[in-house]
Amino acid sequence: MSWPPSVKWFRWPLHNPANLEGIEVAKKLFPDVPQVAIFDTAFHQSMPPVAFRYALPKSLYHKHKVRRYGFHGTSHRYVAHQAAHYLHVELSSLNLITLHLGNGCSATAIAGGKSVDTSMGVTPLEGLVMGTRCGDVHPALHFYLQRETGLSNAELETLLNKQSGLKGVCGVSDMREVQQRAESGDETAQLAEAMFAYRVKKYVGAYMAVLGKVDAIIFTGGIGEHSPRIRELVCANLEGLGIFPDTQRNHSRASGILEFQQPDAAIKLLVIPTDEELEIARSTALLV
C-alpha cells in the first residue's frame, strides 16, 4: 500500500505515520477483517467555503487542496449529541459552541448540528494556545525566525508544534502543573494560563458572532472537564453576550454532565465528558 507523502506528514505530522503503520500491519495479519478509518476531519466537512478557504491563490486550493480541515471532530460530534440528549432537544435545532480543551485544543461553531467553523486549520497547529503548539501566529513570523535564527524548515516546524504553547511560555505543557506554579506565584505560569484562557474567550466571541444565536457552550477534554478555573476565566466578563456563569456550580463535582450557568441565563454552560472511542465505535458500526 502506497501513501502520498502529503497524507503521511503534512496534515497530521504527529499522528498519521503511526496510524498508517498500524493499518498496514493489520492488513497483513488480518486480511479478511474489514477496517474502518474514522477521520477527525469528517465532522467539519459541512463547513462552508467562507470558513474553510484561505485567502490564497485559488490554484493552491484546487491543485494542492490547501484549505482548513479542522480536527477533534469525533469529540465535537460526541458532545454535541450528548448536549442534545441532555437538553431534550433535537440536535438539528441547536446552535452550540464546543470547546475541546486538552493538550491539543480546538473550538467549533455548530449550527443545527453541523460544524460551520472550527479553530484548527490545514493542520492542528492553527487556533487556540495548546500544550506545545503555538496556535494562531502572524504568518510572517516564520520568515522572520528563519532569517534571524537560521532555523531550518524542519526545526521551525518542531519549534511551533512541540516547543511552543504553554511549554514555550512557562516551560511546562501540562495545565495542572501550570496552575500549580501559577498559584505559587510563578509569573510565567500565570501568563501562560491567562494567554490560554484569553485565546479561548476570543474564539467564543467570534463564534457567537458567526452563529448569531447560541443555545449552549460546552467544555470538554482534560482541561475543559477538570479545570473550573479555566472555565471561569473563559466565561468572565461576558455578560454582555448573555454568558452568566455560576461560580459555585462551576466548582461542584458531577459524575456526568455539569450545568453551571446562573438559573435565569438563556445560554447553557455545560461540562460534558468526551468519549471519542465510543463515537468512533458508533461510526464504525454504521459503516460495517
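The values are calculated or read from the model by the stated rules, or taken from the named source; none is laboratory data. The shown structure was predicted, so the numbers you read here are calculated from the model rather than taken from an experiment. Ideal geometry is used to build each Cβ from the backbone, glycine not excepted, and the neighbour counts take in all protein chains shown.
Taken across the range 85-102, residues that are at pLDDT below 90, polar (S, T, N, Q) and within 30 Å of PHE219 (Cα to Cα) do not occur at all. GLU277 meets all of the listed conditions (1) under 22 Å from ASP40 (Cβ atoms); (2) touching a residue at least 12 places away in the same chain (Cβ under 8 Å) but one, namely (2). Within the range 189-241, count every residue that is closer than 30 Å to SER255 by Cβ and among the polar types (S, T, N, Q). Residues meeting the conditions: 2. Filter the range 49-68 down to the residues that are within 26 Å of LEU287 (Cβ to Cβ) and assigned to a loop (DSSP other than H, G, I, E, B), then identify the one that is modelled with the lowest pLDDT. In this case the residue turns out to be LYS65.
Working carefully through the options ALA109, ALA37, find the one that is at pLDDT 95 or above and either part of a loop (DSSP other than H, G, I, E, B) or not β-branched (Val, Ile, Thr) (or both). Result: ALA109 is the single residue among ALA109, ALA37 that is at pLDDT 95 or above and either part of a loop (DSSP other than H, G, I, E, B) or not β-branched (Val, Ile, Thr) (or both). Does SER152 satisfy the criteria of being farther than 25 Å from LEU233 by Cα, in contact with a Gly (Cβ under 6 Å, 6 or more places away or on another chain) and modelled with pLDDT of 95 or more? Here the answer is no, as SER152 does not meet what is asked.
Only one of the listed residues (ALA107, ALA111) is of a type outside the set (Val, Ile, Thr), surrounded by 19 or more Cβ atoms within 10 Å (Cβ to Cβ) and under 20 Å from VAL234 (Cα atoms). That residue is ALA107.
Every residue, every condition in (1) over 17 Å from the mean Cα position of the chain (by Cα); (2) at pLDDT 95 or above; (3) more than 18 Å from GLY104 (Cα to Cα); (4) of a type in the set (Val, Ile, Thr), yes or no:
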residue: ASP215; (1), (2), (3), (4): yes, yes, yes, no
residue: THR220; (1), (2), (3), (4): no, yes, no, yes
residue: ARG231; (1), (2), (3), (4): no, yes, no, no
residue: GLU239; (1), (2), (3), (4): yes, yes, yes, no
residue: GLY242; (1), (2), (3), (4): yes, yes, yes, no
residue: LYS268; (1), (2), (3), (4): yes, yes, yes, no
residue: SER283; (1), (2), (3), (4): yes, no, yes, no
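The condition (being more than 28 Å from THR74 (Cβ to Cβ), surrounded by 17 or more Cβ atoms within 10 Å (Cβ to Cβ) and not basic (Lys, Arg)) is satisfied by just one residue among ALA236, ALA197, ALA182: ALA182.
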